[in-house]
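What follows is a single structure, written as structure tokens, with notes after it.
The values are calculated or read from the model by the stated rules, or taken from the named source; none is laboratory data. What you see is a predicted model, and the numbers here were worked out from it, not measured in a lab. Here the Cβ positions follow ideal geometry from the backbone for every residue, glycine too, while neighbour counts run over all protein chains shown. Accessible surface areas use protein heavy atoms only, side chains included; no ligands, DNA or RNA. Shrake-Rupley method; radii C 1.70, N 1.55, O 1.52, S 1.80 Å.
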Amino acid sequence: MIKLEKKQVKIISIIIAVVFIGSVVALALTQTGGVASAASSSTVGVINSQQVLVQHPDIQNFEDQFRAAVEEIQKDFEEKSQGMNDQEKQEYYQQCQQRVMQKRQELLDPIQKSIEEAVKKTADAKGLSVVIEEGAVVYGGQDITQDVIGRLAKK
């Protein structure tokens, strides 16, 4: 009789699990409006952020400033490392590399912030709830890359 009760508990557990999974699937379909309507009225935007960055109006200024900073740091390294042994040169080289990376980030931050702002404004204007990188999308989504580039060019 104990075996029968355990068997009944297993059957009831399986039924509950199937009902639960069915409920979750039904809820998901009702929330997305079904598969067909989700694709036709997408609230997901996609963007090629690399293309936006390359076409940013301030990117040439960034490249010029960054190149000058790298040349200055390189010149500084060449001057100061002449009397150093190999270990000291290696340590100073790493410090210089850190300075280069910090300068790059310092110069790139305002550009990234302006891109994020343009993406947000474009998404809001188009009624998009999510914007993701184009490479992460297999199918669907509304491409807003050119809209963002246009918005950045107006600034």
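Would you say Q51 is open to solvent by less than 80 Å² (accessible area, probe 1.4 Å) and either among the hydroxyl-bearing types (S, T, Y) or under 30 Å from A153 (Cβ atoms) (or both)? Let's see the steps before the verdict.
Values: open to solvent by less than 80 Å² (accessible area, probe 1.4 Å): yes; either among the hydroxyl-bearing types (S, T, Y) or under 30 Å from A153 (Cβ atoms) (or both): yes.
Considered against the rule, which asks whether it is open to solvent by less than 80 Å² (accessible area, probe 1.4 Å) and either among the hydroxyl-bearing types (S, T, Y) or under 30 Å from A153 (Cβ atoms) (or both), Q51 comes out as yes.
Restricting to segment 65-83, count the residues that are open to solvent by 90 Å² or more (accessible area, probe 1.4 Å) and out of contact with any helix residue (DSSP H, G or I) (no Cβ under 8 Å at 6 or more places or on another chain). Steps first, answer last, please.
So in segment 65-83, the residues open to solvent by 90 Å² or more (accessible area, probe 1.4 Å) come out as 67, 71-72, 74-75, 78-80, 82.
If we keep only those that are out of contact with any helix residue (DSSP H, G or I) (no Cβ under 8 Å at 6 or more places or on another chain) as well, we get 67, 71-72, 75, 78-79, 82.
Going through segment 65-83 one residue at a time, the tally reaches 7.
Taken as a whole, the condition of being part of a helix (DSSP H, G or I), closer than 18 Å to V44 by Cβ and open to solvent by 100 Å² or more (accessible area, probe 1.4 Å) does not apply to Q87. Here V46 passes the criteria (1) surrounded by 13 or more Cβ atoms within 10 Å (Cβ to Cβ); (2) modelled with pLDDT of 90 or more; (3) part of a helix (DSSP H, G or I) except the one numbered (3). The sole residue among G140, G135 that is in a loop (DSSP other than H, G, I, E, B), modelled with pLDDT under 90, out of contact with any Leu (no Cβ under 9 Å at 6 or more places or on another chain) and small (G, A, S) is G140.
Does Y93 satisfy the criteria of being within 27 Å of V44 (Cβ to Cβ) and of a type in the set (F, W, Y)?
Details: within 27 Å of V44 (Cβ to Cβ): no; of a type in the set (F, W, Y): yes.
No: the conditions fail for Y93.
Considering only residues that are free of Cβ contacts under 8 Å to residues at least 60 places away in the same chain and not charged (D, E, K, R), which ones fall in segment 140-155?
As a first pass, look at segment 140-155 and keep what is free of Cβ contacts under 8 Å to residues at least 60 places away in the same chain: 146-147, 150-151, 154.
Hits for segment 140-155 are Q146, G150.
If you filter segment 90-133 down to residues that are in contact (Cβ under 8 Å) with a residue 24 or more places away in the chain and over 27 Å from D147 (Cβ atoms), you find that the one that is least open to solvent (accessible area, probe 1.4 Å) is V100.
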